[in-house]
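Okay, so here's the structure we're looking at.
Nothing in this text is a laboratory measurement; each read-out follows from the coordinates by a stated rule. These numbers were taken from a predicted model, which means no experiment stands behind them. Heads up, the Cβs are rebuilt from the backbone with ideal geometry, glycines too, and the neighbour counts pull from every protein chain shown.
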Amino acid sequence: MASNRRALRERNGAGVASLRGGPIRSPYWQNVRTIKMLIESSRQLGLAAQLTLRRSVLVVISRRFALAVRKKVTVIGGGMTGGAIAQRVVEKGIADVVIQDDPQFAQTLHHGKALDMAQSASWLGFETKITATDGWGDTAGSDVIVCTAGAPRKPGMSREDLLNGNADIVRAKVTDAAKASPNAVIIIFANPMDAMCHVALQASGFPRERIIGQGGALDTARYRAFLQMETGVSIRDIHAYVLGGHTDTTMVPVVSQARIGGLPLTSLLSQEKIDAIVARTMRGGAEIGELMKVSSAYYAPSAATAEMVEAILLDQNRLIPSAVLCKGEYGINDIVCGVMCELGAGGIKRTFETPVSEDERSKIVAAADATKSLIALLK
Ligand SMILES: NC(=O)c1ccc[n+]([C@@H]2O[C@H](COP(=O)([O-])OP(=O)(O)OC[C@H]3O[C@@H](n4cnc5c(N)ncnc54)[C@H](O)[C@@H]3O)[C@@H](O)[C@H]2O)c1
């Protein structure tokens, strides 16, 4: 493999080096010719070398394409989650990132974080830009906006306890953000997230496909992590999803359709273990808060959100459980609830009613009812 690589490097000289190490500076057609030549040359190599080369070429092309159109992502709030989301997105190299925050609450934290991240570019190799702003001018024309501004839970608090305080923040932030970026897709993140989506829908006037709540992606990641810890199999072979609401009592880790390498959960785990994993998933955020004490979770939430951002920016058509204003899914109408969504250019392209058991279906409907009761308390 190493000697194959060496042979290829010798045959093609700087071509391979430029693919690996730095920007391709030649004009478009020259790049295309170089890529064709590399693929032709690779036919004489082993299958593994061919596949590696083709993958590298695809990565280079997709990154070049993303940079050519210079997508922009605004992250509102530069706190624990906002900072982590900004970092994950800018390091993917798929969009410039602007962190928006208020000096009144963040002081200069967001400026410090943006500068710190910008200074990591030379070692990490991303060419996208990260900046911070106190206003909205620099956010104008964003493709995706993630709204994290809002108080996090303290140990012992429920997500619902944050309702009216965070509603005021989300309303103000989304109103300004939508004015500056009228075509953006907005991902709502602050809690209680399902209710905050209603606030954002009203404040922005955006259609349902462009106001997406992040909750299911995180809860799904937690569910899969606990299944992995209990079974010991690779996380990549675990296919399990969380639908319903994004609160400790309303999320629905779907057991009936969950599969590990095609096997139902019951073939690897006792019912008692499955019940314990479901319960632990539902308390996933609270457990982290109790352990971290000084903040709530941000590693897994930022990973989940960055995947959603990437799916939208690169039109990947990913199926990711997300909160959306339902229009008939599971019989729910005009209430935000987590269902399976296809994320791509423009936000939510399609929603799916994943088949679930009768019990799970009634819990999803109950989640929407709980959100309905919560939004009735909005001042
Ligand atoms: N949806 C999810 O999966 C998920 C996961 C984790 C956290 N969250 C939620 O995200 C939100 C942010 O969490 P965090 O850990 O980043 O909190 P943090 O305290 O680290 O950051 C809060 C951010 O909100 C801003 N802010 C606070 N009060 C404000 C106000 N009155 N007006 C304007 N901006 C204000 C701060 O400047 C800061 O940028 C919380 O509501 C938390 O519950 C959601």
Query raised in the report: When all alpha-carbon pairs of region 152-251 are counted, what percent fall beyond 24 Å?
Result: 34
Requested in this report: State, to one decimal in nm, how far the label point of Asp315 lies from the label point of Asp134, with both points 7 Å from Cα in the Cβ direction.
Outcome: 4.0
Report summary line: In whole angstrom, largest first, the equivalent ellipsoid semi-axes that the Cα gyration tensor gives for region 72-213 are 24, 18, 13
Query raised in the report: What is the Cα coordinate range of region 216-377 on the first, second and third principal axes, sorted by size from largest, in whole angstrom?
Result: 40, 39, 35
Query - Fewest-first ranking of Tyr299, Tyr241, Tyr330, Tyr223, using other Cβ atoms within 10 Å as the exposure measure - result: Tyr299, Tyr330, Tyr241, Tyr223
Query raised in the report: For Arg159, Arg283, Arg88, what's the fewest-to-most ordering of other Cβ within 10 Å of each Cβ?
Result: Arg283, Arg88, Arg159
Report summary line: The relative contact order of region 72-213, taking Cα pairs under 8 Å that sit 6 or more residues apart, comes to a percentage of 23
